[in-house]
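Written below as structure tokens is the structure these notes are about.
Bear in mind these aren't lab numbers, they're just calculated from the coordinates by the rules spelled out. Being a predicted model, the structure only gives us computed values, none of them experimental. Glycine also receives a Cβ, built like all others from the backbone with ideal geometry; neighbour counts cover every protein chain displayed.
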Amino acid sequence: MNLLLLMTTGMSLKKWDEIGQLSRELNIYQQLGEKVGHVYIFSYGKNEEKYVKNYSNLSVISKFKWFPALRRGNRFLEPIYQFLSIILKKNLFRHIDIVKTNQFNGSDFGIKLKKKFGCKLLVRMGYYHTLDKKRFSNERDYKEQVRLEKKLFAKADGIIVTNTVAKSFIHKTHKLNGNIVHYIPNYIDTELFKPLNMGKKYDIIFVGRFIEIKNLRKLLEAVIGLNLRLLFIGKGYLKKDLLCFAKDNRIDLTIFDRVDNKNLPLYYNAAKIFILPSLYESNPKTLLEAMACGCSCIGTDVSGINNIIEHKVNGYLCDIESDSIKQTITNIPYNKTFENSIGKNARKFISENYALRNSLNKEVELYNCLNFRNNKI
């Protein structure tokens, strides 16, 4: 079986490498390739072959050397690249059995490939947009997103969502066939992300993007005067504002733009508390990783987090406001030993529900089912 992964429009293996996700993603798809056949990755970067040279079950389709570089504001080059790929890579696409989208953005290319070459289309909704209308600035944008989803779902042979709330909502909203939507959560390599016997260099760690929905300003407001050491790992347009606020309020904040995924367990284990103060989430990998490492985790009581954290059982829940965040931080009974701790419960929960092997097997079963139906036609 040949599987084609469509990266999000504009994304590339180079960008995955820059943000530290390359090894995690390629290792997962290598394991998938070992189980189902060969995995091709459709990238929007150039000269990407070097990134997969050590992976026997992976190949990458990258931009032609002569293709012009994408300039900011130019929205037409990526569709042109897709169109030319259909023409110039047709002999490869003819042998693809299943096309899988990585996110909603870019899935329209999957529809074109299915129509042209007859492959099955599997849509992954890692982040489900219309689950909460409040996320949209106006009614028009919301209705347009609903229209795009209906168009995509009508063409899809399967849909993967990463939380059960999204699965129920899609069934109810779009009246889809009961067998088309599949819940497969984000998976964590619990052999890599595990508790380590090491000292605590930081009091609090956050890993993720520096954007409004992560609610990081409220987190910084919460720690004013607490004399804590904070570590943020990630990138985003709010970085400068966060650093300035921390400096003005004498908050000990360290920011690392990039840590490779294979080294992240060292940083999770070097902190007393992991916190995710988001306004909303889908199925946050960083929270799952931190819990797998046995961290004492705090998350806001919002969709995508409160279905993972059970308050005072495997973590702690708080409101999105700084006062609640501060109260939760100061009231955690920090336990230096892993045994009989909240961290132990967190580790157990992830091992039982989000382990890489179990979720991979579910995905392989879905591929085999789709491919069997394809061969029957």
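Structure summary
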{"item": "Segment 196-247 versus segment 13-76: alpha-carbon centroid distance in Å", "result": "31"}
{"item": "Aspartates and glutamates with Cα under 14 Å of residue 239, excluding same-chain neighbours fewer than 8 positions away", "result": "212, 257"}
{"item": "Selection from 6, 171, 224 lying farthest towards where the dipole of the chain points positive, charges on Cβ", "result": "6"}
{"item": "Partner aspartates and glutamates for residue 63 [C-alpha distance under 19 Å; skip if fewer than 8 residues away on the same chain]", "result": "17, 18, 48, 49, 78, 108"}
{"item": "Distribution of pairwise C-alpha distances over segment 197-344, 10 Å bins, in %", "result": "12, 46, 37, 5"}
{"item": "If the convex hull is drawn through the Cα atoms of segment 98-238, its volume per residue in Å³", "result": "167"}
{"item": "Viscosity 1.002 mPa s, temperature 20 °C, Stokes-Einstein D of the chain from Kirkwood C-alpha radius, µm²/s", "result": "97"}
{"item": "Selected from 40, 68, 55, residue furthest toward positive end of dipole (segment 30-72; charges at beta carbon)", "result": "68"}
{"item": "Highest to lowest packing among 120-127, 205-212, scored as the average C-beta count within 10 Å", "result": "120-127, 205-212"}
{"item": "Protection proxy ranking, peptides 159-171, 316-328, average beta carbon neighbours within 10 Å, highest first", "result": "159-171, 316-328"}
{"item": "Violating pairs (Cα-Cα greater than 18 angstrom) within the set 89/115; 143/172; 35/89; 50/120; 116/143; 114/143", "result": "35/89; 50/120; 116/143; 114/143"}
{"item": "Ordering of 96-107, 51-62 by packing [mean C-beta count within 10 Å, highest first]", "result": "96-107, 51-62"}
{"item": "Gaussian network model of the chain, springs between alpha carbon atoms under 10 Å - residue of 331, 261, 358 with greatest fluctuation", "result": "331"}
